[in-house]
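Notes follow the structure.
None of the figures in this text is laboratory data; all of them are computed from the coordinates on show. Keep in mind that what you see is a predicted model, and the values were worked out from it rather than measured. Using ideal geometry, Cβ is built from the backbone for each residue, glycine included, and neighbour counts are taken over all protein chains shown.
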Amino acid sequence: MRTTAKPSWTSGFALLALTLASLPVGAQNGEAATPRLASGVADLNGTWDNGSGIDFIEPVLEGDSICLAGCNDPPESGAPAAPLPPDRPRYRPEFQARVDDLDARQVDEDPVLRCFAPGVPRIGPPDKIVQRDTEIVFLYDDVSGNFFRIVPLDARGHPTDTVPGYLGDATGRWDGDTLVVETVNFNGETWLTDDGSFHTPDLRVVERITRDGDALTWRATAYDPAVLAEPWNLRPRTAYLTGIEITEAPPCIERDLGHMVDDSSHDNPR
Amino acid sequence: MTGKAALMLAIAAVLPPAAIAHHSVPGQYDPEQRIALSGVIHKVDWINPHTYLHLEVTNDDGSTTNWRLESAPTAMLRKARITPDMLMGGGAVVTVDVILARDGTEHLAWLYRIDYPGGHSYQLSAER
């Protein structure tokens with residue numbers, strides 16, 4: 001048993017989730033109007049809380065105390081909610097052994113563990129969107145650093161003179177109220193997930209972003225027919241408008257891998 | 001074990017693990033080696049992918065030992081509006097609940113929780 005005092009995070013006090021506190025009144029009342037720019041398209045501008053890139057952080061305040069994880073006491077009755085199944089791409093049979101091998105050697109092979117850019121779609125929904133009629137800019141505050149993607153909307157197409165990159169080259173268009181972003185020109189050095197899900201430089205990712213009130217829904221599909229058995233439709237994610245602004249990311253300085261005693265099982269679920 | 005305030009604690013891992021790390025916590029730290037330490041947080045490395053807190057523990061002979069306590073990424077702390085100054089607690093003696101490095105590296109631990117003398121606490125990781 002623990003001998004240190006542990007407060008009950010769910011009893012005795014009114015709990016206040018910071019994420020809820022940061023939501024505008026409209027979102028808390030369940031209103032779902034989609035703001036629009038003067039041009040009539042959906043207004044996606046804003047800073048969007050998607051769980052710091054990982055959807056499990058729900059800070060809880062109790063007086064001056066803050067709980068970042070493990071805040072809720074086990075339910076007194078009933079089974080806890082079952083965890084969501086892994087959201088992973090399916091590979092052609094001849095490539096599964098390579099995925100398994102990389103998965104078994106994550107500590108040696110996963111680029112994100114060495115502070116490289118996560119790539120797309122692994123980086124997830126943008127943390128901030130700056131929008132004007134001709135282009136949209138996605139900004140990210142990731143553990144690997146600050147990243148940006150410029151998404152032209154004026155049908156200029158993908159450039160042909162850029163070096164393949166970790167986040168590729170994006171173009172966008174509107175499909176009704178949905179922003180559709182197609183990204184190509186990847187360098188092939190990122191993973192789709194944390195467990196060995198490699199891809200080729202021919203990866204193509206299509207993201208679909210919609211806004212309902214102060215909620216942003218992000219959907220993504222990864223196409224890489226050379227290695228994937230089928231297009232991978234990621235589980236949709238929802239981000240919420242927040243007043244907590246992103247900031248300059250501190251440097252990413254890896255200090256841990258030399259202390260890992262096995263080569264697998266890092267549990268970052270992205 | 002260094003530090004007169006170090007106290008071995010038995011483990012009751014009743015809570016499901018919650019990922020809050022960039023890498024595997026169980027792959028680097030051993031939940032079965034859980035201790036409490038008292039000391040002064042004199043430095044916070046506000047870096048990614050993980051923050052590090054430096055805890056100065058006074059030993060029985062009056063010497064001091066610096067512990068490195070690994071914790072959550074900066075973006076997650078910022079989401080909870082936790083700053084380096086808040087973590088340092090104004091130089092007060094705090095109690096931390098940690099698990100030790102599996103590879104035997106001395107004075108390296110993963111931080112579960114900090115308790116401050118004023119009665120408040122920061123729980124930064126679920127139990128493993």
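Over all other residues within a Cβ to Cβ distance under 14 Å of A:Pro225, the charged ones net out to -1, with Lys and Arg as +1 and Asp and Glu as -1.
Taking Cα centre as origin and charging only the Cβ of basic (Lys, Arg, +1) and acidic (Asp, Glu, -1) residues, the dipole magnitude of the range A:93-244 rounds to 420 debye.
Checking the a/c ratio against 1.5 first, then a/b against b/c, what shape does the Cα gyration tensor give for the range B:67-126?
Values: a/c = 2.01, a/b = 1.35, b/c = 1.49.
Oblate shape, in that a/c is at least 1.5 and b/c is the bigger or equal ratio.
Give me a single rounded figure for A:238-246: the average over its residues of other chain Cβ atoms within 10 Å of their Cβ. Can you show the working numbers first?
Details: counts 0, 0, 0, 0, 1, 0, 4, 1, 2.
Neighbouring Cβ atoms belonging to other protein chains average 1 per residue here.
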